[in-house]
Structure formats: structure tokens, C-alpha cells
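One structure is given here, and the rest of the page talks about it.
The values are calculated or read from the model by the stated rules, or taken from the named source; none is laboratory data. Here the structure is a predicted model, which means the values were calculated and not measured. For neighbour counting, all protein chains shown are included, and Cβ atoms are generated from backbone atoms with ideal geometry for every residue, glycine included. All accessible areas refer to the heavy atoms of the entire protein, side chains included, with ligands and DNA or RNA removed. Shrake-Rupley method; radii C 1.70, N 1.55, O 1.52, S 1.80 Å.
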Amino acid sequence: MTRHYSALSVIKEGLNGQKGWAPAWRSPKPAKQYDVVIIGGGGQGLATAYYLAKTHGVKRVAVIERGWLGGGNTGRNTTAIRSNYYYPESTALYDLSLRLYETLGRELNYNIMLSQRGMMQIVSSPGEMEMAARQVNAMQINGVEARLMDRSEVQRRVPIFNFAPDARYPVYGAIYQERAGVARHDAVAWGYARAADALGVDILQQCEVQEFLTEGGRCVGVATSKGEIRAERVGMAVAGSSGVLAAKAGFRLPITSYTLQACVSEPVKPIFDTVLVSPMTGTYVSQSDKGEMVIGGGLDRVPSYGQRGNLPQLETVLSGLLEMFPVFRQLRLLRQWGGTVDVTPDSSPIFGESPLPGLYLNGGWGTGGFKAIPAGGTVFAHILATGGHHEISRPFDLNRFRTGHLLDEAAGAGIAH
Amino acid sequence: MQLFPCPFCGPRPETEFHFGGDAGNTRPDAAASDSDWTNYLFFKHNRKGPTREIWMHLTCREVFLMARDTVSHEVSATEALGGEA
Ligand SMILES: Cc1cc2nc3c(=O)[nH]c(=O)nc-3n(C[C@H](O)[C@H](O)[C@H](O)COP(=O)(O)OP(=O)(O)OC[C@H]3O[C@@H](n4cnc5c(N)ncnc54)[C@H](O)[C@@H]3O)c2cc1C
Ligand SMILES: [Zn+2]
């Protein structure tokens, strides 16, 4: 059986009629007891399992997923990866993530199709330009490369943008992060799953967590659709379902679930080689390797678990797109979809022990947790292995809502909340 | 476009409405503990399925109660606040 992916093995298996490939991961029967059980087989959960086994040598780890791997937001997102945040605490998290992404394909022996094509945040007024300078300065002070582009540089780089004199949102310049880009979302989930499985992690799909098992006020496992599974520590990384599981565990969270939708056009010839967001129109766009324009924007304004997306928001996003790129008037849309995202009041994630001892949280990623998968997995693995915070995760503890030390990254999130 | 029934104006487009939070989330008095204030300000029920929420109709600026389903988006009732929510 061929396990390692390389040019040589592709040729070998090609000559062999593709018959020798080993399955990417096993489908084991759940054991009765694990050291750590992680609820949620999205990127966050799978990366956590991988680092638990790899970095911390935890032997018995399971990931429990009610559907299929990456079927939540990880497989629904628009894959923008960047670390252009404002606060040092956020930079520590998101830039670690970006650095890990840069070598992830090799580390996992899985092509995640990382493409560091840069990301541009359009600036549309002189006042905004001053805020942009402040943002760039903050990023540089935090050790993240970023720079301001002036109007003519934006025009050279994105000639199809609307530079007309009567444009609703004129271009004054842009914030540019060179190392930002996109990666293949499914590949990130599958790559972590395959690497975790190779280290002995049990990935249990089609298995829903229905209740928490508690003894003496402590979480000691989960009741699932495939029976009870006990664990020393339980982690949850369930994004939009955080509120549902929290209710089962007997607490509330500072999280509201909203729909975030996206859409792609029919594939067209290469026309656009970066990722671009305009806070004014609230629309962002990139072009996939297949040629589709990948289009996203802000949240639907109605809290929802519907995973669909409503028409007013789609209209806002698409009118923004056409305002920015008049040439796209001829594009036809191919697909539209929605994911249920877990939005916090300060647009920052939540890490740490939950109000139910023994149950730990990784959530509140809202609209931006794909870029954070490698770092989120790294720090959550540390939390689940040691029971205490990682240096990077401590500021993101739930207690910040009591102390008032919020990390308001609503602007860093790049799109309207 | 979904229509939400404002108890004062009748069915209006969803874009005219603003979500205000869980119904029954009463403001603690000034002397309340930090954790009461934290719960009031930040911690949500975030229910999947039937839920009761406070909404504002931005056009008439009235605040009212809406019972709806967060999965199907069906609105089962809206009513003016009787001063208790
Ligand atoms: C349209 C859209 C665009 C986005 N664009 C970007 C972007 O450009 N860049 C970016 O960084 N982020 C983006 N995001 C956000 C990003 O997708 C998420 O923050 C990230 O994928 C969260 O990963 P996760 O593993 O926490 O959640 P998920 O991938 O949602 O995984 C959670 C898993 O938990 C499972 N689960 C839930 N309940 C249970 C249960 N009871 N038992 C067992 N399993 C359960 C679910 O089935 C799901 O698979 C976008 C999101 C959406 C919806
Ligand atoms: Zn009204």
C-alpha cells in the first residue's frame, strides 16, 4: 500500500492503475475510553488532534464528528489567510498560524495549495487612509510585515478595479499584506486528518455528541449516537454549534450564531491575482485556481442556524462586487451557500476551560477561523494536554468578558459585524 | 426577502429590523455583581429552533417581542412589549 504522497508515488500508482493507495484514514470503532476526546471534525478539531499526538505524545485521542470531516465551516469558507490584526495578542495567534501554514504542506505531506498572493484592503477616503496608516504601524510594531499602497500602485496591481472619477467609493490606497493568501480548505481538514490518523488518532465520523457525562460536577466523557465515550479531558471545537452544546453542558456563552454566506462564479480566465476586500462595500473576492471568482461579505443580520443565507445580504455583497469591478457584470454565479458562524462581541475567539470543569472550549471564530487552524490547533492541544493555558491562548479566556479585557478586532475581521 | 410582522406596522422587509437580544434578559440594578452584569451584557441563550427575542423595527422605532425559529426562520408571533420583557 502506498502511503507517502510524492511525484514518484503518483507515477508508480499511475502505472499501477491507482490500485495501491492506502486509505487516507481509518474508520475505527469508538473505544470506551480515551485520554482526550475532541468534539468537531472541522479544521480546528482535527489540527488539535494532530498536535496532541505529535507535540504532546498523547496516545489515545479521538475526534468525534456528527457529519463528515470539514462539512461545517471549514469546507464552506472562502479560504482567506492573513494576519493583519491590530492587537499584539491577536497577532501572536494569527501570525503563528500564518507561519505554520507556510510549511504545513510539507509537514503533513499533503498539498494544501497555499498561495501567498497577498491581500489588499481598499481605502476609500483620506480619513480612512489615516486609520490605515495606524493599522499598518500597529502591524509592523507587532512584527508583521505590512505596508500602505497608494492609488497608483493599486491601479497597477488591480487594473480591473473601478477607478472611474464618479466611483461611489474612490480608491485612495490600500493596506497590503504580502504573505496573506488562500489555501484549499478541504485539503487542510483532510491533511490534518490523515496525519493525525497516522499518529494513532481515532477519527469517528457520523457520530453525534448528544450529552455530556458528568461525575461530581466534572465532565468525564460524552454520550454519542454510537454510545458512551469516556475521556480524561473533553474539548469542543464546534463553531456555530457552540451554543447548542453549551446548553447541554449547562452554561451559556458570549456567542451568537449567524449565517455567513459566500458564492462563486463560473470559471473565467485568470484576471485577478490577489485577495481584495473593501470595508466600504463589505465585499471581498479572490479567484480560485479553477478560475471561479470566490465572493464573500458580511454576516446576515438575523441570528440563524439555517446554513442557507438570505437574499438581502447576497444583494449587498453582489452590488458591492459590481461597484468595485464593473467588468464582473457579465459574470454568472455558479453556487451560493451559507455556514453557521459563532460570533463573539469582540470578534475574537474563546479558548480555555469551560464553566463545566473537564470540558474545554475552542470557538467563537466567527467569520475568520480558517486562517487560524494551525495556531488554534497548536494552542488547544497544549490546553488539552496540560489542562492550563498556552501563553498565546490566555488572553482569549472566557474570563475576559468579566474582567472587561476584550480584544475588539471588529475592524481586523475586515468585514462588517 | 423575508417579511417580519411589526405589531405596529404590519409585515415589513427583514432589512428594516434590528436584533436586540434574548427576551427576558432584564437589566440588573447598579449594585449587581460583576457576574450578573457579565451575564446580562454578554452571555446568550443562542437557541437552535424556537426562541423568543427582542427586535426593533427601525422605521417606527418600536421595540417588540418576536417568537421565531432560528432554523426554519418561521415567525410564530410578534407582540408589543407589555413592559415586562
Ligand atoms: C461563508 C464563509 C466564509 C468564511 N471565510 C473565511 C475566510 O476567508 N478566512 C477565514 O479564516 N475564515 C473564514 N470563515 C470562517 C471559518 O470557516 C471558520 O471559522 C472555521 O472553519 C472554523 O473551524 P472549526 O473547525 O472551528 O469549525 P467547523 O469547520 O464548523 O467544524 C465544527 C464541526 O463540529 C461538528 N459538530 C457540531 N456539533 C456536533 C456534535 N454535537 N457532535 C459532533 N460533531 C459536531 C460539525 O459537524 C462541524 O463539522 C468563513 C466561514 C464561512 C461560513
Ligand atoms: Zn413598526
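Of all the residues that make up region A:390-409, how many are assigned to a loop (DSSP other than H, G, I, E, B) and within 22 Å of A:V343 (Cα to Cα)? Show your work before the answer.
Taking region A:390-409 and keeping what is assigned to a loop (DSSP other than H, G, I, E, B), we get A:390-393, A:397-399, A:404-409.
Now drop any that are not within 22 Å of A:V343 (Cα to Cα), which leaves A:392-393, A:397-399, A:404-409.
Qualifying residue count, region A:390-409: 11.
Output the qualifying pairs, or none if there are none: Cβ atoms under 6 angstrom, residues six or more apart or on different chains, first residue in region B:2-29 and away from every other protein chain (no Cβ under 13 Å) and open to solvent by 60 Å² or more (accessible area, probe 1.4 Å), second residue assigned to a strand (DSSP E or B) and of a type outside the set (F, W, Y).
Note: pairs meeting the criteria are B:F8/B:E62; B:P11/B:L3; B:P11/B:P5.
Filtering region A:108-124 down to residues that are assigned to a strand (DSSP E or B) and touching a Lys or Arg at 6+ places or on another chain (Cβ under 8 Å), which residue is farthest from A:S152 (Cα to Cα)?
A:M119
Say we look at region B:44-85 and pick out the residues that are within 21 Å of A:D342 (Cβ to Cβ) and of a type in the set (S, T, Y); which of these is surrounded by the most Cβ atoms within 10 Å (Cβ to Cβ)?
Filtering first and then ranking leaves B:T70.
Given the criterion out of contact with any strand residue (DSSP E or B) (no Cβ under 9 Å at 6 or more places or on another chain) and near ligand 1 (Cβ under 6 Å from one of its atoms), identify the matching residue among A:G43, A:G57, A:G72. Working first, answer last.
Values: A:G57 fails: near ligand 1 (Cβ under 6 Å from one of its atoms); A:G72 fails: out of contact with any strand residue (DSSP E or B) (no Cβ under 9 Å at 6 or more places or on another chain).
Going through A:G43, A:G57, A:G72 in turn, just one is out of contact with any strand residue (DSSP E or B) (no Cβ under 9 Å at 6 or more places or on another chain) and near ligand 1 (Cβ under 6 Å from one of its atoms): A:G43.
Take A:R332 and tell me if it is out of contact with any Ser or Thr (no Cβ under 6 Å at 6 or more places or on another chain) and either assigned by TED's automatic domain parsing to the domain that holds A:Q205 or at pLDDT below 95 (or both).
Numbers: out of contact with any Ser or Thr (no Cβ under 6 Å at 6 or more places or on another chain): yes; either assigned by TED's automatic domain parsing to the domain that holds A:Q205 or at pLDDT below 95 (or both): no.
Spelling it out, it is not the case that A:R332 is out of contact with any Ser or Thr (no Cβ under 6 Å at 6 or more places or on another chain) and either assigned by TED's automatic domain parsing to the domain that holds A:Q205 or at pLDDT below 95 (or both).
Got at least one residue in region A:358-365 being under 23 Å from the mean Cα position of the chain (by Cα) and within 12 Å of another protein chain (Cβ to nearest Cβ)?
Filtering region A:358-365 down to residues under 23 Å from the mean Cα position of the chain (by Cα) leaves A:359-365.
Then drop every residue that is not within 12 Å of another protein chain (Cβ to nearest Cβ), which leaves A:363-364.
Among the residues of region A:358-365, at least one is under 23 Å from the mean Cα position of the chain (by Cα) and within 12 Å of another protein chain (Cβ to nearest Cβ), which makes the answer yes.
Going through region A:145-168 one residue at a time, which ones are closer than 16 Å to A:M131 by Cβ and either open to solvent by less than 60 Å² (accessible area, probe 1.4 Å) or of a type in the set (D, E) (or both)? Show your work before the answer.
At the first step, the residues of region A:145-168 found to be closer than 16 Å to A:M131 by Cβ are A:146-150.
Correct list: A:A146, A:M149, A:D150.
Residue-by-condition table, conditions (1) open to solvent by less than 30 Å² (accessible area, probe 1.4 Å); (2) away from ligand 2 (no atom under 16 Å from the Cβ); (3) within 18 Å of the chain's Cα centre (by Cα):
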residue: A:A24; (1), (2), (3): no, yes, no
residue: A:L46; (1), (2), (3): yes, yes, yes
residue: A:Y51; (1), (2), (3): yes, yes, yes
residue: A:K59; (1), (2), (3): no, yes, no
residue: A:N73; (1), (2), (3): no, yes, yes
residue: A:N84; (1), (2), (3): yes, yes, yes
residue: A:P88; (1), (2), (3): no, yes, no
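What number of residues within region B:33-62 satisfy the criterion of being more than 13 Å from every other protein chain (Cβ to nearest Cβ) and either within 16 Å of ligand 1 (Cβ to nearest atom) or in a loop (DSSP other than H, G, I, E, B) (or both)?
Restricting attention to region B:33-62, the residues satisfying the condition of being more than 13 Å from every other protein chain (Cβ to nearest Cβ) are B:57, B:59-62.
Keeping just the survivors that are either within 16 Å of ligand 1 (Cβ to nearest atom) or in a loop (DSSP other than H, G, I, E, B) (or both) gives B:59-61.
Total satisfying the criteria: 3.
Can you tell me which residues in region A:230-252 are aliphatic (A, V, I, L, M) and in contact with a strand residue (DSSP E or B) (Cβ under 7 Å, 6 or more places away or on another chain)?
At the first step, the residues of region A:230-252 found to be aliphatic (A, V, I, L, M) are A:231, A:234, A:236-239, A:244-247, A:249.
Answer for region A:230-252, where residues must be aliphatic (A, V, I, L, M) and in contact with a strand residue (DSSP E or B) (Cβ under 7 Å, 6 or more places away or on another chain): A:A231, A:V234, A:M236, A:A237, A:V238, A:A239, A:L245, A:A246, A:A249.
Residues of region A:289-306 being free of Cβ contacts under 8 Å to residues at least 60 places away in the same chain and not aliphatic (A, V, I, L, M), which ones?
A:K290, A:G291, A:E292, A:D300, A:R301, A:P303, A:S304, A:G306 - these are the residues of region A:289-306 that are free of Cβ contacts under 8 Å to residues at least 60 places away in the same chain and not aliphatic (A, V, I, L, M).
Outside any helix (DSSP H, G or I) and either within 15 Å of ligand 1 (Cβ to nearest atom) or touching a residue at least 40 places away in the same chain (Cβ under 8 Å) (or both), is that true of A:G366?
When the stated conditions are applied, A:G366 passes them.
I want to confirm something. Restricting to region B:1-44 and keeping residues that are away from ligand 2 (no atom under 16 Å from the Cβ) and basic (K, R), which single residue is farthest from A:T256 (Cα to Cα)?
Within region B:1-44, the match that is farthest from A:T256 (Cα to Cα) is B:R27.
All but one of (1) at negative phi; (2) crowded, with 23+ Cβ neighbours inside 10 Å; (3) small (G, A, S); (4) in a loop (DSSP other than H, G, I, E, B) hold for A:S347; state the number of the condition that does not hold.
Unmet condition: (1).
Might you check whether a residue that is without any contact (Cβ under 8 Å) to a residue 60 or more places away in the chain, within 14 Å of chain B (Cβ to nearest Cβ) and open to solvent by 10 Å² or more (accessible area, probe 1.4 Å) occurs anywhere in region A:215-223?
No, there is no match, as no residue in region A:215-223 is without any contact (Cβ under 8 Å) to a residue 60 or more places away in the chain, within 14 Å of chain B (Cβ to nearest Cβ) and open to solvent by 10 Å² or more (accessible area, probe 1.4 Å).
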